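The values are calculated or read from the model by the stated rules, or taken from the named source; none is laboratory data. All figures in this text were calculated on a predicted structure; none of them were measured in a lab. Neighbour counts run over all protein chains shown; Cβ positions are idealised from the backbone, glycine included. These area figures cover heavy atoms from the full protein model, side chains too; ligands, DNA and RNA do not enter into them. Shrake-Rupley method; radii C 1.70, N 1.55, O 1.52, S 1.80 Å.
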Amino acid sequence: MIVVELSKLLRRPRTWVSIGLLVLLPTLVAVFLAVSEVAPRPGTGPAFLSAVLSNGALYPAAALAIVLPLFLPVAVAVIAGDAVAGEAQAGTLRYLLIRPVGRTRLLVAKLISVVAYTMLAVVLVAAVSYVVGVQLFGSGPLPSTSGTTLSTGDATLRTVLAVLYVGWSMLGVAAVALFLSTMTDSPLAAALGAIALLVTSGVLVGLDAAASVRPYLPTRYWLAFVDLFRDPVLYRDLVRGTLLQGVYVLAFLSAAWANLMTKDITS
Amino acid sequence: MIRTHALVKRFGPVTAVDGVDLDVREGDRYGFLGPNGSGKTTTVRMLLGLVLPTSGSFELLGSRRAQDVLAQVGALVEGPAFYGHLSGRRNLTLTDAAGPGGVRRGRRARVDAALEQVGLDGAGSRPVKAYSLGMRQRLGLAAALLRQPRLLVLDEPTNGLDPQGIREIRDLLLGLNRAGTTVFLSSHLLAEVELLCDRVGVLNRGRLVVQDSLAVLQAPTGRTQVDTPDAFQATQLLGSRVEAVDGMRLLVRDDDPAALNAMLVRAGVRVRALGPERRTLEDTVLQVTTAGSDRVGGPQRDADVEELSA
């Protein structure tokens, strides 16, 4: 069943179109930067962008920061929201279940497929933007955001960790969208529900009056991957972010499972 | 093969299925009839484990857990459904791979065999979104046949097929049944059920109101229909045994058409046609069912009025 779900994911034009767009955005930004050579002033715009002009090897991190706030979570929400509700809407859910595919098994397969999509998207964004960055800006010893210089091996390791952290951060969104996907027969409603939660979280994170709930908001620690490029690495927010996402993933996956197990499939 | 006991399903305040006791035996060609909204689909969904019963129990192929035996059941529920951007063959391949017993070995042969059975072997590589309604229906049947099931549960399997297609599918189902497959056909097409099935269950408003063999339901009524140009003479000869006269057609209370024929002919009455009167399935079904739930407003049929005033 897992192989079937992955095969369905990879054979779906939508998968590649959305990943293509995700890769295109940082590439577009890179081209503008390279042509105009006007970098955002330090401290403004997405993280790292002011630094990439002097070193393209930093561009994967910058690209992640570009797609992370909106584009990537929306894509993940759409794919995860479609996971069960899309099958219900197409009528294929009932045929899967009577094949029979156990409901738990189905949910696990769907989850793995969503994780595969997320990691594929993040890795491709990082890989393509590395190539683009090095081609357009050249490479050199990587400066950390703390001013020291990172060795190539160290920089690669940190980039890989950043990719993993961003991927993990997206799983919270995926779990929420997957849960909503078991609630409704409309993939659009499921995706919009998850996106609405993200927008709400994003607004509250920026609102000082909501400071009391800020540490528990799903988007609070997303950008903490930037701390991976400090020297030494500032782990505090990274650990909190990882744990918080873990709680969201666990809670919403349990809810999705409980809902799917007891649901009448009338689609 | 299928046995339900006091099966009930409520959706909120609505009781969709209300104490159904189905009994489908091995080798049956069972016709499951009923007006729209009478609970046929909900019953089928419960049998297949899609909808959880509110109360009551059922046994599918001797098991109380549908999940354990579904691999031996092929089903078509409320129309076929596929991934439109993939080919028919690809869809069947995914179906085969998704569940138990779907090993890679022999998968191609299984898919080819199923496509050939329903007459789609030439169109397997086209994307399903380019299929006609009839082709989709055939592909749905192919998916149901893919695992060589012991039990076929089919909901309106001939939907969207032309007369030749309907005939073809009927012959296919009859052939499979002869080879030992039990067929459970849910339909509201009486003619279809009459031609294919040997046992019938009729559902009305969630209740099973009839369950019997078709032969019993269509048993002679004890009257004989006589078609004769000499209706007047025949009426005089038979006297009070004639129950009704309609032009040249007489309805005679007599369960032996052969003796009746001999008697009429001896008396010089010309007989054009003659035979035992049988109840049609339509008579039976209309008698025990009320208008479907898709009928809104307008004058209700008698049975409904009676129930309201009772």
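Below are the figures for this structure:
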item	result
Scope segment A:77-102; condition touching a residue at least 12 places away in the same chain (Cβ under 8 Å) and within 9 Å of chain B (Cβ to nearest Cβ); matching residues	A:GLY91, A:LEU93, A:ARG94, A:LEU97, A:VAL101
Hey, B:LEU139 aliphatic (A, V, I, L, M), under 19 Å from A:LEU106 (Cα atoms), outside any strand (DSSP E or B) and touching a residue at least 40 places away in the same chain (Cβ under 8 Å) or not	no
Filtered residues of segment B:80-99 (kept if facing chain A (nearest Cβ under 7 Å) and open to solvent by less than 30 Å² (accessible area, probe 1.4 Å))	B:ALA81, B:LEU86, B:LEU94, B:ALA97, B:ALA98, B:GLY99
Of the criteria (1) closer than 21 Å to A:ALA109 by Cβ; (2) open to solvent by 10 Å² or more (accessible area, probe 1.4 Å), which one B:PHE58 fails	(1)
Segment A:157-177 residues that are open to solvent by less than 20 Å² (accessible area, probe 1.4 Å), paired with ones that are among the polar types (S, T, N, Q) (beta carbon under 6 Å, 6 or more apart)	A:GLY167/A:THR118; A:SER169/A:GLN245; A:MET170/A:THR118; A:GLY172/A:GLN245
Top-ranked residue of segment B:36-75 - restricted to ones that are polar (S, T, N, Q) and in contact with a strand residue (DSSP E or B) (Cβ under 6 Å, 6 or more places away or on another chain), ranked as nearest to the other protein chains (Cβ to nearest Cβ)	B:THR42
Filter pass, B:ARG138 being under 22 Å from B:GLY175 (Cβ atoms), surrounded by fewer than 21 Cβ atoms within 10 Å (Cβ to Cβ), within 22 Å of the chain's Cα centre (by Cα) and in the same structural domain as B:LEU172 (by TED's automatic domain parsing)	no
Selection count where residues are in contact with a strand residue (DSSP E or B) (Cβ under 6 Å, 6 or more places away or on another chain) and either surrounded by fewer than 22 Cβ atoms within 10 Å (Cβ to Cβ) or outside the structural domain of B:VAL210 (by TED's automatic domain parsing) (or both), scope segment B:5-15	3
Subset tally (residues that are surrounded by fewer than 17 Cβ atoms within 10 Å (Cβ to Cβ) and assigned to a strand (DSSP E or B)) for segment A:132-149	1
